[in-house]
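The values are calculated or read from the model by the stated rules, or taken from the named source; none is laboratory data. These numbers were taken from a predicted model, which means no experiment stands behind them. Cβ sites come from the backbone with ideal geometry, for glycine too, and all protein chains shown count toward neighbours.
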Amino acid sequence: MAVRRSGPDFKKVTIALQAIEHKLSSGGVLRVGFLEGAKYPETTNARFLKHVGSNAKPTVTPALNIAQAAFWNEFGTKRAPPRPFFRTTIAAESKAWGAALGPSLKHYNFNGEMALRALGQQMRDDLEAAIQRWPADNAPFTVAIKGFNKGLTDSGKMARAPDFELSK
């Protein structure tokens, strides 16, 4: 089946697309996740020592990138099971993110930067919500140290850390 590309309708479509192309600005590159500046503060193991009744002097753990802790949570460690909050969020939401970009471009009069900022905010919010929704799955010893049973949550810093960055 051959498609004919001529006539008044084709010309109208071509003119409309050229007008959109002229208005469309480059949005840049959108990065979403735990960016470089997100860190846990320096901490000690005093809470653990108190729980086990030890009189040992607490040791200091240097500041840690939240991205590193998120990776350990996502994929698990020798002592902790995987908690794939990031991958499940992408799997559940990525189609909606893609579908939202077109209407966002139209809403912002084809300003790519504004549309990507709106998308970045939505992606960040979805990631935060996934962390906050994670079920109570801590080991009994961890629950005893923390004082509550909420997976992916201790200080709440990781749940507040997702962010986005738009660069040219």
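State whether one or more residues within the stretch 29-45 are touching a Ser or Thr at 6+ places or on another chain (Cβ under 6 Å), more than 21 Å from Ala144 (Cα to Cα) and surrounded by 12 or more Cβ atoms within 10 Å (Cβ to Cβ). No: zero hits.
When the test is whether a residue is crowded, with 17+ Cβ neighbours inside 10 Å, modelled with pLDDT under 95, in contact with a strand residue (DSSP E or B) (Cβ under 8 Å, 6 or more places away or on another chain) and assigned to a helix (DSSP H, G or I), Leu116 passes it. Inspect all residues belonging to the stretch 13-20 and state whether any of them is modelled with pLDDT under 90, of a type in the set (Ser, Thr, Tyr), more than 19 Å from the chain's Cα centre (by Cα) and more than 30 Å from Ala144 (Cα to Cα). Yes, because at least one residue in the stretch 13-20 is modelled with pLDDT under 90, of a type in the set (Ser, Thr, Tyr), more than 19 Å from the chain's Cα centre (by Cα) and more than 30 Å from Ala144 (Cα to Cα).
Filtering the stretch 83-96 to residues that are in contact with a Leu (Cβ under 7 Å, 6 or more places away or on another chain) and either surrounded by fewer than 17 Cβ atoms within 10 Å (Cβ to Cβ) or not in a helix (DSSP H, G or I) (or both) leaves only Arg83. Go through (1) in contact with a Lys or Arg (Cβ under 9 Å, 6 or more places away or on another chain); (2) among the small types (Gly, Ala, Ser); (3) modelled with pLDDT of 95 or more and name the single condition Ala130 misses. Failing condition for Ala130: (1). From the residues in the stretch 119-133 that are of a type in the set (S, T, N, Q) and closer than 21 Å to Ser104 by Cα, which one is surrounded by the fewest Cβ atoms within 10 Å (Cβ to Cβ)? Per the stated criteria, the residue is Gln121.
The set of residues in the stretch 21-42 being at pLDDT 85 or above and not aliphatic (A, V, I, L, M) consists of Arg31, Gly33, Phe34, Glu36, Gly37, Lys39, Tyr40, Pro41, Glu42.
Kindly provide the set of residues from the stretch 95-111 that are polar (S, T, N, Q) and within 15 Å of Gln121 (Cα to Cα), ordered by number. If the condition is that a residue be polar (S, T, N, Q) and within 15 Å of Gln121 (Cα to Cα), then Ser104 is the only one that fits. Among residues that are surrounded by fewer than 14 Cβ atoms within 10 Å (Cβ to Cβ), touching a Lys or Arg at 6+ places or on another chain (Cβ under 8 Å) and over 20 Å from Leu35 (Cβ atoms), Ala136 is included. Within this structure, Leu49 passes the test of being free of Cβ contacts under 8 Å to residues at least 24 places away in the same chain, surrounded by 14 or more Cβ atoms within 10 Å (Cβ to Cβ) and among the hydrophobic types (A, V, I, L, M, F, W, C).
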